[in-house]
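A.B. asks: For reference, the structure I am asking about is given below.
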Amino acid sequence: IDPEDPDSYYNRALAKENLDDDSGAIADYNKAIKIDPEYINAYINRGLLKHEKGDYSGAISDYNKAIKIDPEESLAYYNRALAKESLDDSSGAIADYTKAIKIDPEDKESYLNRGLLKDQKGDHSEAIADYNKALKINPEYSLAYYNRAIAKENLDDNSGAIADYTKVIKIDRK
């Protein structure tokens, strides 16, 4: 391994992750970042590992650094939203999903997750609008149909819910 090449440490970190050596992977991400403090993917991946270990604040810190390096990196906003959800910061998570969608309007997962949070807050119609957008991107997205069905039930649209559940069954049979 070239001790001055951040890519070598980054790639070794990825290999260590594949072997479930998270501590070793974090150490290599740290080395890659020390060599290249602008290594955005190292921050994002290290943040993911911190999130998996329950260090949500540490993950958010890494995503903040990634966003500072590249404010148009939608994955950093998406991952930060997940970490904020883990800290019960629904409003912050919604804001981050919204930013991720603004950067990448084809991000069906951000629409789905933002819809889930809106539904939890009682904004069922807004949740349905997000699920509809996710379905426009991917008409076979069964999770969006499933969650839209729940939101429709919450609005007493039982026939609409049944139609969505039926669609889930058809998609999941494939």
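A.B. asks: Taking the conditions exactly as written (among the charged types (D, E, K, R), part of a helix (DSSP H, G or I) and open to solvent by less than 30 Å² (accessible area, probe 1.4 Å)), does Asp62 satisfy them or not?
C.D. replies: yes
A.B. asks: Let me ask something else. So which residues in region 109-125 are in contact with a Phe, Trp or Tyr (Cβ under 6 Å, 6 or more places away or on another chain) and not small (Gly, Ala, Ser)?
C.D. replies: Answer for region 109-125, where residues must be in contact with a Phe, Trp or Tyr (Cβ under 6 Å, 6 or more places away or on another chain) and not small (Gly, Ala, Ser): Asn113, Arg114.
A.B. asks: Scan region 23-58 for residues that are among the hydroxyl-bearing types (Ser, Thr, Tyr) and not in a helix (DSSP H, G or I) and jot them down.
C.D. replies: Tyr39
A.B. asks: Is it the case that some residue within region 25-44 is open to solvent by 60 Å² or more (accessible area, probe 1.4 Å), small (Gly, Ala, Ser) and more than 26 Å from Lys102 (Cα to Cα)?
C.D. replies: No, every residue in region 25-44 fails to be open to solvent by 60 Å² or more (accessible area, probe 1.4 Å), small (Gly, Ala, Ser) and more than 26 Å from Lys102 (Cα to Cα).
The values are calculated or read from the model by the stated rules, or taken from the named source; none is laboratory data. For clarity, every value in this text was computed on a predicted model and none was experimentally measured. Cβ coordinates were reconstructed from backbone atoms using ideal geometry, including for glycine residues, and neighbour counts include every protein chain displayed. The accessibility values were calculated without ligands, DNA or RNA, using every heavy atom of the protein model including side chains. Shrake-Rupley method; radii C 1.70, N 1.55, O 1.52, S 1.80 Å.
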